[in-house]
Amino acid sequence: MSDLQHDAKTSGGELIRYLIFILAAFTAGLTLAGCAVPIKGGFSDVEKITEDRLNQRIHWIQGMSEDAQVELVIDSLLVDELSVDAAVQIALLNNRTLQSQYEALGIAQADLVQAGLLQNPVFEAGVRISNSASSATNTELGLVQNFLDILVRPARKGLATAQFEEAKIRVGNAVLNLAYDTKSAYYMLQGAMHITTMLRTAVEATATAAEFARRQQAAGNLSDLEYAVQQTLYEQIRLDLVANEAMVLDNRERLTRLMGLWGPQTDWRISDRLPDLPLDEVPLDHLESLAVSRRLDLAGMRWEIEALARALSITVHWRYVPLIDVGVNTEKESDGERVTGPTVSIELPIFDQGQAKVAHAEALLRQARQRMTARAIEIRSEARVARNRLLVSRAIAVHYRTTLIPLREQIVAESQRFFNFMLIGAYQLLQAKRDEIEAYQDYIEAVRNYWVARSEVERVAAGPITATEP
């Protein structure tokens, strides 16, 4: 065997040994890292939030067998008349905007896994062939690893963990907001349907009056002015009915969107009567402190601050530590001599010492703290507003039920008695009846406002408000 063939064989053998070493290191890295990213990382924590605060079920649609079971659950809920809890359950299972928010968990989980991984080492190889008659070759092999990446890994993983926790809180808050948006939309639709029923009754009453006026005017017993007044009242209530029917359609579509329904599934039903007011109202004296302690958006901001503080710590502690690449290099000269030894590559922090990065991280942290303080103040204000609206709407509804409606009913009864004795005319009786119907309509609106305000209180408190039901 010639010297040239021997050198080539030796170099090739050494190259193969180095490749085997790199392959073994790569295999060990895969084993140690456990590279698989959890499919639904963090979703169990969001499920617990939903169960504790809503007593409802959520599902992350990912094309698995459980998806078909959830579809069956939704179809079974749509068969019967939807309650408010059933509407909320469908929204939590089927709303696609919420489903897109779940992907934030997957993104944060992947970032957490990535933060725990080391950078891949860099393998370098070079072959140089001499132009001399001997055609001698020069081979060079090297393996380089970023040493700073190894040192920063624990801090980087802690930062990603804080960001992952913030993502879970943010998604949980989106679940709660969807639930209370659905509740509010349900009561808005139910109130509109209830009012529509009352307006249809009013249209029937005014239609009777208008027809009676038309006959009297044709017989010459009623002036054109009085007839025009009765006809105007009738047409106005008809317009009110049409406008309210359009409001029913709009509110129905909003609730349909929140539940994520389309096609045949949109043919769902709910009761056209609002629930009565609860007998007793829950204590609302400590609503502010309750809201501040339970709000998930505020908790998410705390985790955001934690993440920014960790990022600042990394920037400050490692600002003067340069980038360091550590490796090993072996080279075989053309004369057959081999040289092997470590290599180090260091970035010199002469011009950029990280001062701008530190200032940037400090400003972000101060900004997040001020934003959290502002949000806490806003939450307290929201709690006061929600409490006042709930109490006022309840007081108005109770006043209608206990005072105004009985008075209107009494006026109708007295008007009927006076009419029977021909002490008043038919128009006065019909007007009294219309006033009674309007009082019922106002009462329905007050009850609707109460339940919408109740939903808003639960949203502000980030949890259910229980009271003695009738």
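For Ala185, the stated conditions hold: it is farther than 21 Å from Arg294 by Cβ and within 21 Å of the chain's Cα centre (by Cα). Set side by side, the residues Ser415, Ser381 differ, and just one is touching a Leu at 6+ places or on another chain (Cβ under 7 Å) and modelled with pLDDT of 80 or more, which is Ser415.
Just one residue in the set Arg252, Arg257 is among the basic types (Lys, Arg), under 26 Å from His59 (Cβ atoms) and without any contact (Cβ under 8 Å) to a residue 12 or more places away in the chain; that residue is Arg257.
Restricting the first member to the range 41-60 and to residues that are more than 16 Å from Ala167 (Cβ to Cβ), and the second to residues that are of a type in the set (Gly, Ala, Ser) and part of a loop (DSSP other than H, G, I, E, B), the beta-carbon pairs closer than 7 Å and six or more apart or on different chains are Arg53/Ala462; Arg53/Gly463.
Scanning the range 54-65 for residues that are exposed (fewer than 12 other Cβ atoms within 10 Å of the Cβ) and in a helix (DSSP H, G or I) returns a single hit, Ser65. For the range 277-297, a tally of residues being touching a residue at least 40 places away in the same chain (Cβ under 8 Å), closer than 28 Å to Ala446 by Cβ and not in a helix (DSSP H, G or I) returns 7. Count of the range 248-286 residues, restricted to those that are of a type in the set (S, T, N, Q) and surrounded by 15 or more Cβ atoms within 10 Å (Cβ to Cβ), is 3.
This table checks each residue for (1) more than 21 Å from Ala205 (Cβ to Cβ); (2) out of contact with any helix residue (DSSP H, G or I) (no Cβ under 9 Å at 6 or more places or on another chain); (3) touching a residue at least 40 places away in the same chain (Cβ under 8 Å).
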| position | (1), (2), (3) |
| --- | --- |
| Ala386 | yes, no, yes |
| Gly425 | no, no, no |
| Arg434 | no, no, yes |
| Ser455 | yes, no, yes |
| Glu458 | yes, no, yes |
| Ala461 | yes, no, yes |
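State yes or no: is Glu204 under 12 Å from Ile237 (Cβ atoms), assigned to a helix (DSSP H, G or I) and free of Cβ contacts under 8 Å to residues at least 24 places away in the same chain? In short, yes. Filtering the range 201-247 to residues that are among the basic types (Lys, Arg) and surrounded by 14 or more Cβ atoms within 10 Å (Cβ to Cβ) leaves Arg214, Arg238. Of the residues in the range 10-26, none is aromatic (Phe, Trp, Tyr) and at pLDDT 70 or above.
Exactly one residue out of Asp111, Asp181 is in a helix (DSSP H, G or I), crowded, with 18+ Cβ neighbours inside 10 Å and either modelled with pLDDT of 95 or more or of a type in the set (Asp, Glu) (or both): that is Asp181.
If you go through the range 323-354 and pick out every residue that is at pLDDT below 75, surrounded by 15 or more Cβ atoms within 10 Å (Cβ to Cβ) and assigned to a loop (DSSP other than H, G, I, E, B), you end up with 1.
The values are calculated or read from the model by the stated rules, or taken from the named source; none is laboratory data. The model shown is predicted, which means the values in this text are computed figures rather than measured ones. Glycine also receives a Cβ, built like all others from the backbone with ideal geometry; neighbour counts cover every protein chain displayed.
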